[in-house]
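Notes follow once the structure below has been shown.
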Amino acid sequence: MAKAWLNGFLVVSLLAVSGAALTGCESADDSNPAVSGGHAPGSTQAVGTPDNPSGLPGGATPNGNTMVIGVKYVALRNSAGDAPSPTQDQVVALFQNMSQVWSQCDIQFRVEAYSSPVASADGQPYYPANQSDLEAMRGKYDDHAHALYVRSGTWNRSGDLGNDGSNGFSTIPPSNPEGTVFEQSVQTATLLLAHETGHLIGGLGHLSDSTSLMNHFVSPTNTQLSQWECDDTRAAMRQYHAAWIR
Ligand SMILES: [Zn+2]
């Protein structure tokens, strides 16, 4: 697939998240299997201690139109002596922030499954090098009942994951298995993961609009989802991911 990469560096703040975001993403392809990638060095967010375990953004109240999506987050560890990272609380905070981004579509996320297995114990490489490694992780952890997010160690750039800065790849429906896999440096990068979520849950492609969340270049000013993107995402959720809807 053709790739379009933009170089740049931004330091801005959004959703009380400070950090640098530089993200490009491979052109989305609706064929199956399809993957799309993005990269955003750095861009971690402040640790929060959410008091709302449902994953709903603070102050947001679900209404009859709200689509709540169940999430499974797998934070791989390299060895049993490593502390889980991010923690479950950090993941809940991440998805509260992602729910704020996706509130434009009246979509919210609820973290229902969190685990931090040792990669080797599950037969997975901690430092993946190839798309086949990411696909194996999806096959291992996709339970077909949750939107899947797998955080690996830093990618080994010697394989076909490449060395262009990409650090997240998502499937596009219909795919089996499905999931977003990303490396440690972006494990709580709200906008990168919100962008990847557009591919994962809605099959959304890229847009050139400089304000769009689905722009190749994800920065703190790329946050918008259009009405038709919301409509497409909700339709794709119902068609392909009914089991993820709560
Ligand atoms: Zn993308």
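Structure data summary
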read-out	value
Stretchable slack from A121 to A243, in nm (0.36 nm times residue separation minus alpha-carbon distance)	41.1 nm
For F109, distant residues with modelled amide H under 5 Å away	I69, S99
Per-selection Rg to Rh, the range 188-234 - Cα, Kirkwood hydrodynamic radius	0.92
Pair D143, N78: separation of 7 Å Cα→Cβ label points (nm)	2.8 nm
Under 14 Å, Cβ to Cβ, from Q124 - net charge with Lys/Arg +1 and Asp/Glu -1	-1
Estimated vicinal HN-Hα couplings, Hz - the range 203-210 in sequence order (Karplus 6.51, -1.76, 1.60; Gly, Pro = x)	x, 5, x, 8, 10, 8, 4, 6
Centroid-to-centroid separation of the range 200-229 and the range 72-119 [C-alpha atoms, Å]	22 Å
Per-residue Cβ neighbour rank within 10 angstrom, fewest leading, S116, S185	S116, S185
Binned Cα-Cα distances of the range 113-170, short to long, each 10 Å bin given as a whole percent	21, 56, 21, 1
Quotient of Cα Rg and 2.2 N^0.38 Å for the range 61-129, N being how many residues it contains	1.37
Rg to Rh, two decimals, where the range 93-241 supplies the alpha carbon set and Rh follows Kirkwood	0.95
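Readers should treat all values here as calculations from the given coordinates under stated rules, not as data from a laboratory. Remember, it's a predicted structure, so these values are computed and weren't measured experimentally. Heads up, the Cβs are rebuilt from the backbone with ideal geometry, glycines too, and the neighbour counts pull from every protein chain shown.
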